[in-house]
Amino acid sequence: MRSRATHPLSSMAAAVAAVMSLLVLGAAVPTTLDGPFTPATAPLNDRVFRGHAVDLPDSDPRVQRSVRGWEPEQVSVSLSAAADSVWISWITGEFQIGENVELLDPKTVASIVRYGYSENSLTRKATGHSLVYNQLYPFEGLQNYTSGIIHHVRLKGLKPETQYYYQCGDPSLPAMSDVHAFRTMPASGPRSYPKRIAVVGDLGLTYNTTSTVDHMISNQPDLIVLVGDVSYANLYLTNGTGSDCYSCSFPHTPIHETYQPRWDYWGRYMEPVISRIPMMVIEGNHEIEQQIDNRTFVSYDARFAFPSRESRSFSSFYYSFNTGGIHFIMLGAYISYNRSGQQYKWLEKDLAKVDRTVTPWLIAVWHPPWYSTYKAHYREAECMRVEMEDLLYSYGVDVVFNGHVHAYERSNRVYNYKLDPCGPVYITVGDGGNREKMAINHADDPDNCPDPSTTPDEYMGGFCAFNFTSGPAAGKFCWDRQPEYSAYRESSFGHGIVEVKNETHALWTWHRNQDLYGDAGDEIYIVREPEKCPH
């Protein structure tokens, strides 16, 4: 488990490079070495960015179908486990929704990608697989859904840090997409990193979403990491109307219907972005979408391509991938995370294979946060933390990204609720633009501490969030002030950018939608100390 020691000259070179970066950006940018920081909360002074967001209507031209026949739409790129491979995904044919729907035959249209180094010379060819999925309800008055034909094709043998052009579809019909382009990630190595990685959560499809996406694209990311809760299709009834009161809408049925065309609207809106910038996604609670026969996560599992086989997980709920000198671990909070389960066993094996001399940075991503001070979802994922935190800490995870709580929060380095210079920095970005309320109230505010009985893991079951036994909150369920592990928190919509500079320094910037493009509402250098914290 202990990694090889970093060579002194390598550490010196990294330190010099970090100092130069600090000088370029201005010495005012703090680093985690300056911490732990005194907890700070941004004032609530602009309520325009809070409350219920407004969804894009289905009449908006950005979400309407603009192709004909079997032409591809909702084109996207996602990464494989290494830089020499990517996935291209798209949809052909129209979805159906109603009481009687008929499945399209996936064999009707081939899954072909032609690609090359020039848009006028697409000389290489790859083929893949296709599928159709249903969302079915056994109750009178609810409308069933069947998707268009979803295609996934893996391109192999690619060169790192290289621009490729591609078309997807079926040339025999003919029904091919426009020519798109993407750039591959850097090869794994301690001095090789993408320039910028965007991190966003709980995105949805509102006018706040459009602001978040516009701000995000202005920062020119090379990769997008979406930490769960994608389309929020499950906030709609099958007749397309929104529902904010399920007990009112579902008085006689245990299943919450979900309006699947919102997924198609989301794919159409995002295509100009994710057809050229790879996006990696992990499931959130709004992707559960229970239907007949207790099937769940069907749309999530069908619409996105995951490097599951490549990372030996064989599951879309958890997987890993490399991008330059970063090893990403994507974990599932809505599938068994117990130490006896398959995910935990896979995680042990995956971590054991990480060579920190090749990928110094270890970043973990899942949806509900372990360290959040907001009343919403307070300590909801405590059972997952109890099971997995020791393992992640023992292998020296550097940063953790979460969503779920609709606000921004950055922690000091923490382990088991105690300040720890070798613990990860936890960052919550669950405020990409969803239509639900912004989280404003803190659990440590007077009279805001939730009843412990309301905090069990709603989906996986179990209750692990007991009163604290030591520290400033001993004997209590909540702190009576902003916890010392919470460095900074604010309620606003936005996204974050990671810029890994070298083996030891990464710049994190938080960008709020209400600010000018390029402005940072929060920024810090996250500094690794491999000599101090060997794992």
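The values are calculated or read from the model by the stated rules, or taken from the named source; none is laboratory data. This structure is a prediction, so every number in the text was calculated from the model and none was measured. Note: ideal-geometry Cβ built from the backbone for every residue, glycine included; neighbour counts use all protein chains shown. Remember, those area values only see protein heavy atoms, side chains included, never the ligands or the DNA or RNA. Shrake-Rupley method; radii C 1.70, N 1.55, O 1.52, S 1.80 Å.
What is the percent of Cα-Cα separations in the chain that go past 34 Å? The share of Cα pairs beyond 34 Å in the chain comes to 36 percent. Remark: region 292-408 projects, on average over all directions, an area of 8.5 nm² (convex hull of Cα atoms). Computed from label points 7 Å out along Cα-Cβ, the spacing between Ser118 and Leu136 is 5.1 nm.
Distance from the C-alpha centroid of region 182-215 to that of region 309-355: 21 Å, rounded to the whole angstrom. The solvent-accessible area of Tyr517, taken with every protein chain present and a 1.4 Å probe, is close to 130 Å².
Each Lys or Arg adds one and each Asp or Glu takes one away; over the other residues whose Cβ falls under 13 Å from the Cβ of Ile274, this sums to 0. Summing charges over neighbours of Val225, with a neighbour being any other residue whose Cβ is under 14 Å away from its Cβ, gives -4 when K and R count +1 and D and E count -1. For region 121-209, a/c is not less than 1.5, where a ≥ b ≥ c are the root eigenvalues of the C-alpha gyration tensor, and a/b does not top b/c. That puts it in the oblate class.
Using r as the Cβ-Cβ distance of Glu161 and Lys125, and R0 as 25 Å, what FRET efficiency do you calculate, to the nearest 0.05? The calculated FRET efficiency here is 0.65.
In the full protein context, region 263-330 carries 27 Å² of accessible surface per residue, based on a 1.4 Å probe and ignoring ligands, DNA and RNA. Measuring nothing but protein heavy atoms, the accessible surface of the chain at 1.4 Å probe radius is 50 percent carbon and sulfur. Length gained on full extension, Thr469 to Asp515: 12.4 nm, using 0.36 nm per residue less the C-alpha separation. Taking only the alpha carbons of region 468-515, we obtain Rg and Dmax values of 16.3, 43 Å in that order. Each label point was placed 7 Å from the Cα along the Cα-to-Cβ direction; for Asn239 and Ile97 their separation is 1.3 nm. DSSP beta bridges confined to the chain are antiparallel in about 75 percent of cases. Counting only cysteine Cβ atoms and a cutoff under 4.7 Å, the chain contains unmatched residues Cys168. The Cα center of region 489-535 and the Cα center of region 239-307 differ in position by 30 Å. How large is log10 I(q)/I(0) at q = 0.20, 0.22 Å⁻¹ when the Debye formula is applied to the Cα atoms of region 26-161, each weighted equally and without solvent? Ignoring solvent entirely, the Cα scatterers give -1.22, -1.37.
Helices assigned as whole DSSP H runs in the chain whose Cα atoms extend at least 24 Å along their own long axis and whose mean Kyte-Doolittle hydropathy is 0.0 or higher are found at 8-25.
I need the shape label for region 186-345. Rule: rounded when a/c is under 1.5, else prolate if a/b > b/c, else oblate, with a, b, c from the alpha carbon gyration tensor. Oblate shape, in that a/c is at least 1.5 and b/c is the bigger or equal ratio. Using the Cβ of Ile197 as centre and a radius below 14 Å, the other residues enclosed give a net charge of +1, where K and R count +1 and D and E count -1.
Cross-link pairs exceeding 26 Å between alpha carbons, from the set Lys159/Lys345; Lys345/Lys532; Lys418/Lys532; Lys125/Lys345; Lys156/Lys501: Lys159/Lys345; Lys345/Lys532; Lys125/Lys345; Lys156/Lys501. For the chain, a simple Cβ point-charge model (Lys and Arg +1, Asp and Glu -1, everything else neutral) yields a dipole of about 1780 debye relative to the Cα centre.
Across all directions, the shadow cast by the convex hull of region 338-497 built on its C-alpha atoms averages 10.0 square nanometres. The modelled label-to-label distance between Cys422 and Tyr246, using points 7 Å beyond Cα along the C-beta direction, is 4.2 nm.
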